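The values are calculated or read from the model by the stated rules, or taken from the named source; none is laboratory data. None of the values given here were measured: they were computed from a predicted structure. Note that each Cβ is placed from the backbone with ideal geometry, even for glycine, and that neighbours are counted across all protein chains shown. With ligands, DNA and RNA removed, areas are computed over all heavy atoms of the protein, side chains included. Shrake-Rupley method; radii C 1.70, N 1.55, O 1.52, S 1.80 Å.
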Amino acid sequence: MSDHVRSLERGLAVLRAFDADAPVQTLSDVARRAGLTRAAARRFLLTLAELGYVRSDGRLFQLTPKVLELGYAYLSALTLPEVAGPHLEALSAQVHESASMSVLDGADIVYVARVATSRLMTAAITIGTRLPAYASAMGRVMLAARPQEERAQLLAAPAALTDRTVTDTAVLARTLDDVAAAGWALVEEELELGVRSIAVPVHDARGAVVAAVNVAARPGPVDLVADVLPHLRATVAAIETDLRSGRLSR
């Protein structure tokens with residue numbers, strides 16, 4: 001692609017090298033995680049430090065809060081997190097489990113709002129966390145709303161994340177058909193062992209699926225379909241009402 005700017009791509013790779021598991025890194029760490037030479041990584045880190053996005057004590061590097069500005073314009077324009085926040089808090093209080101909202105970005109879901117009651121997954125889930133859509137309940141309800149051709153592209157080469165992950169693309173395609181018909185998805189220990197999730201799609205005023213909301217829990221006596229799904233559907237209906245009216249829940 002003639003308009004592709006490689007230096008921008010590399011700079012973004014340096015920013016993405018930092019995450020919840022590695023918030024503070026050495027130059028060598030950043031170079032390895034970003035796939036760059038030490039010299040290139042150093043140039044990008046020094047530039048980002050000069051711009052205020054990275055701080056360093058001379059040996060260790062970490063992001064500064066200024067990086068939040070990069071995503072703020074998207075989230076503020078979206079309004080979904082602000083609309084959903086109070087509803088997710090009420091849902092979490094009702095079912096005593098974690099509740100989240102995500103949007104679909106390519107083959108991944110991206111968390112845009114979350115109310116956590118406990119840490120369920122090995123990796124910390126925060127705003128901006130990305131997970132593969134095919135193995136998540138929120139991903140499946142959003143994939144189910146996509147045209148068949150797009151679905152097929154997004155389901156290409158799924159990897160097994162646990163011994164329960166569905167990786168057969170034909171089975172996944174049939175599962176998405178079932179999800180589309182039912183209007184909800186249940187995923188049990190496909191994303192990570194010990195984690196169950198049930199999700200419902202969120203529609204905008206035109207009826208298009210723009211996000212998904214889920215409740216996640218550990219394996220146990222709670223029946224996610226019988227005990228949680230009614231509350232989840234009611235929560236999503238309230239979010240959709242606010243979206244249609246342009247009203248933010250307070």
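Go through Arg55, Arg38 and list them by solvent-accessible area, largest first, probe radius 1.4 Å. Display every interim value, and only then the final one.
Numbers: Arg55 110, Arg38 135 Å².
Ranked list, largest accessible area first: Arg38, Arg55.
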**Study point:** Rounded, prolate or oblate (a/c below 1.5 giving rounded, otherwise prolate when a/b exceeds b/c) for region 102-227 by Cα gyration tensor
**Key:** rounded
Practice item. Using a 1.4 Å probe and ignoring any ligands, DNA or RNA, find the accessible area of Tyr134 and quote it in Å² to the nearest 10. Key: 30 Å²
Revision key, fill the gap. Longest principal axis of the chain (C-alpha) makes with the long axis of helix 169-182 (C-alpha) an angle, in degrees to the nearest 10, of 50 degrees
Check your understanding: Roughly what percent of Cα-Cα pairs across region 159-250 reach past 15 Å?
Key -> 66 percent
Point to revise | Probe 1.4 Å, accessible area per residue of the chain, Å² | key: 53 Å²
Practice item. Take the solvent-accessible surface of the protein heavy atoms, probe 1.4 Å, and return the percent of it on the chain that carbon and sulfur atoms account for. Key: 54 percent
Study note, to complete from the structure: In degrees rounded to 10, the 0-90 angle between helix 6-16 Cα long axis and the longest Cα principal axis of the chain is 70 degrees
Exercise for review: Determine ³J(HN,Hα), in whole Hz, for all residues of region 96-103 in sequence, where each value follows from phi through the Karplus function 6.51 cos²θ - 1.76 cosθ + 1.60 and θ = phi - 60°; x replaces Gly and Pro.
Suggested key: 6, 9, 6, 10, 9, 10, 9, 10
Check your understanding: Toward the positive end of the charge dipole of region 18-153, about the Cα centre and with charges on Cβ (Lys, Arg +1; Asp, Glu -1), which of Gln148, Ala39, Leu91 goes farthest?
Key -> Ala39
Point to revise | Karplus 3J(HN,Hα) series, Hz, for region 207-224 with 6.51 cos²θ - 1.76 cosθ + 1.60 (x for Gly, Pro) | key: x, 7, 6, 10, 6, 8, 10, 9, 10, 10, 8, 7, x, x, x, 5, 8, 4
Review point. Angle between the Cα long axis of helix 68-78 and the longest principal axis of the chain, 0 to 90 degrees, nearest 10?
Key: 30 degrees
Revision key, fill the gap. At the level of C-alpha centres, the distance separating region 17-59 and region 184-250, in angstrom, is 37 Å
**Study point:** Packing-based ranking, highest mean first, of 43-52, 59-68 given that Cβ atoms within 10 Å are counted
**Key:** 43-52, 59-68
Exercise for review: Mind grabbing the base-10 log of I(q)/I(0) for region 1-61 at q = 0.14, 0.17, 0.21 Å⁻¹? Debye formula, identical points on the C-alpha positions, no solvent, two decimal places.
Suggested key: -0.35, -0.51, -0.76
Revision key, fill the gap. Interchain or sequence-distant (5+) residues whose placed amide H lies within less than 5 Å of the amide H of Val112 are Met101, Ser102, Val103, Gly128
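Compute the projected area of the convex hull of the Cα atoms of the chain, averaged over all viewing directions, and report it in nm² to one decimal place. Please report the intermediate quantities before stating the final value.
Details: hull surface 62.2 nm².
Mean projected area for the chain: 15.6 nm², to one decimal.
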